[in-house]
Amino acid sequence: MKILYGVQATGNGHISRARAMGKYLAKAGVQVDYLFSGRPADQLFDMQQFGNYQVKRGLTFVTKAGKVNYWQTLQQASVKTLWQDIKTLDCSSYDLVLTDFEPITAHAAKQQNKHSVALGHQYAFLHKIPMEHANLVTHLMFRHFAPAQIQLGLHWHHFNQPILPPIIDEAEHNTAIEANKVLVYLPFEDQQQVIRLLKPLTGFQFCLYGPGLAKAAIGHIQTHPPALHAFKADLTNSSHVLSNAGFELISEALQLQKHIMVKPLQGQMEQQSNALALQQLQLASRTDSLSTNVIAKWLNEKQHHGTVNYPNVASAICNWLLQDTPDEVNTLSKTLWS
């Protein structure tokens, strides 16, 4: 079997999901060609797993100081380039096009009538799940941004809908937890402002990852540029996670039973809806503005939130994709949640 796998590269969560899926596809002997869009090639890191992958411009949201900047997003978008990339992408040699909210592969498959499957958190929003600030524009975006013949939406709970649990790397984690260690990942915020907010909280050790940061020690704050293995190691032995409300990192933190607080990206309906879902499921704390007092109060909470235990979804989806006649998505969903 030969698959073209399109990955939205604006956030590391899509790439992390592709890493988990890629391991099982490779183990099954599937030939996979990867296409990433939404981020310049020189900003991608630790990509060896994906072999000779392609990078296209695609579409992405521009953010500043924790908010989506829609004007700059429109200014930087190149619809002409996107349309040209869609028209020139040849899907004829592939048995399947798999897209994780990646528009070029999705629309190329649609135009060429190629069998396609969409996989990702965004497709859960095609169902009745907790949503905040949803409107016609957001509905149209989730439905048409990267469409496919079959959609596999992922979420932290089924909400009585045919959606699947999160895809999480099933590697063993035997590292001891450090009680006062906090992983901080707020890539859409002003990193220097985040450092100023953390400085007074000397009773905790902070590992702060973010764009533009260098590896350095500022007292009890360790700063790091974006990384894969070091980030995973710090996530594993931290007791707390403070982050924006992206889906994949929170999924991993929930599986590892971390104490979580999210600050959703303002103006981004998906992240705000994620924060709402975490509140309703009582799995994490939420704040819509960051301050030293808010962070301190969360760090000193005695009562932690609920826990989860998700199955190996990546392996199950890989097996499902390789079936001659795959089960209905509803059946796959019920099997995984059971």
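What to note about this one:
Yes/no matrix, rows are residues, columns are (1) under 17 Å from the mean Cα position of the chain (by Cα); (2) open to solvent by 10 Å² or more (accessible area, probe 1.4 Å); (3) closer than 14 Å to LYS181 by Cβ:
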| position | (1), (2), (3) |
| --- | --- |
| GLN222 | no, yes, yes |
| THR236 | no, yes, yes |
| SER243 | yes, no, no |
| LEU256 | yes, yes, yes |
| ALA275 | yes, no, no |
| GLN282 | no, yes, no |
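- Any chance ASP288 is touching a Lys or Arg at 6+ places or on another chain (Cβ under 8 Å), open to solvent by 70 Å² or more (accessible area, probe 1.4 Å) and of a type in the set (D, E, K, R): yes
- Scanning the stretch 195-216 for residues that are within 24 Å of ASP42 (Cβ to Cβ) and either touching a strand residue (DSSP E or B) at 6+ places or on another chain (Cβ under 8 Å) or of a type in the set (Asp, Glu) (or both) yields a count of 7.
- Criterion applied to GLY38, GLY51 was being under 22 Å from HIS121 (Cβ atoms) and of a type outside the set (S, T, N, Q), and the one residue passing it is GLY38.
- From the list TRP320, TRP337, the one residue that fits, being within 30 Å of ASP95 (Cβ to Cβ), open to solvent by 20 Å² or more (accessible area, probe 1.4 Å) and among the aromatic types (Phe, Trp, Tyr), is TRP337.
- The stretch 1-42, subset part of a helix (DSSP H, G or I) and more than 15 Å from the chain's Cα centre (by Cα), residue surrounded by the fewest Cβ atoms within 10 Å (Cβ to Cβ): ASP42
- The single condition from (1) within 20 Å of the chain's Cα centre (by Cα); (2) open to solvent by less than 10 Å² (accessible area, probe 1.4 Å) that GLU189 fails is (2).
- Filtered residues of the stretch 108-127 (kept if in a loop (DSSP other than H, G, I, E, B) and under 20 Å from the mean Cα position of the chain (by Cα)): HIS127
- Criterion violated by GLN149 - all others in (1) open to solvent by less than 50 Å² (accessible area, probe 1.4 Å); (2) more than 25 Å from LEU265 (Cβ to Cβ) satisfied: (1)
- Here the stretch 43-53 is the region considered, the condition is being out of contact with any helix residue (DSSP H, G or I) (no Cβ under 9 Å at 6 or more places or on another chain) and not in a loop (DSSP other than H, G, I, E, B), and the residue that is modelled with the lowest pLDDT is GLN43.
- Taken as a whole, the structure leaves VAL308 outside the set of residues that are open to solvent by less than 10 Å² (accessible area, probe 1.4 Å), under 22 Å from HIS14 (Cβ atoms) and either touching a residue at least 24 places away in the same chain (Cβ under 8 Å) or not polar (S, T, N, Q) (or both).
- Top-ranked residue of the stretch 195-212 - restricted to ones that are of a type in the set (Gly, Ala, Ser) and open to solvent by 10 Å² or more (accessible area, probe 1.4 Å), ranked as modelled with the highest pLDDT: GLY203
- All positions within the stretch 158-177 that are over 25 Å from LEU281 (Cα atoms) and either of a type in the set (A, V, I, L, M, F, W, C) or modelled with pLDDT of 95 or more (or both): ALA171, ALA176
- Exactly one residue out of THR335, THR287 is among the hydroxyl-bearing types (Ser, Thr, Tyr) and either farther than 30 Å from LYS199 by Cβ or in contact (Cβ under 8 Å) with a residue 60 or more places away in the chain (or both): that is THR335.
- Note on the stretch 107-129: residues that are at positive phi and surrounded by fewer than 18 Cβ atoms within 10 Å (Cβ to Cβ) amount to 1.
- Selection count, the stretch 85-125, where residues are under 13 Å from LEU154 (Cα atoms) and of a type in the set (Asp, Glu): 1
The values are calculated or read from the model by the stated rules, or taken from the named source; none is laboratory data. From a predicted model like this one, the values you see are computed outputs, not experimental measurements. Every residue, glycine among them, receives a Cβ derived from its backbone with ideal geometry; neighbour counts consider all protein chains shown. For accessibility, only protein heavy atoms count, side chains too; no ligands or nucleic acids. Shrake-Rupley method; radii C 1.70, N 1.55, O 1.52, S 1.80 Å.
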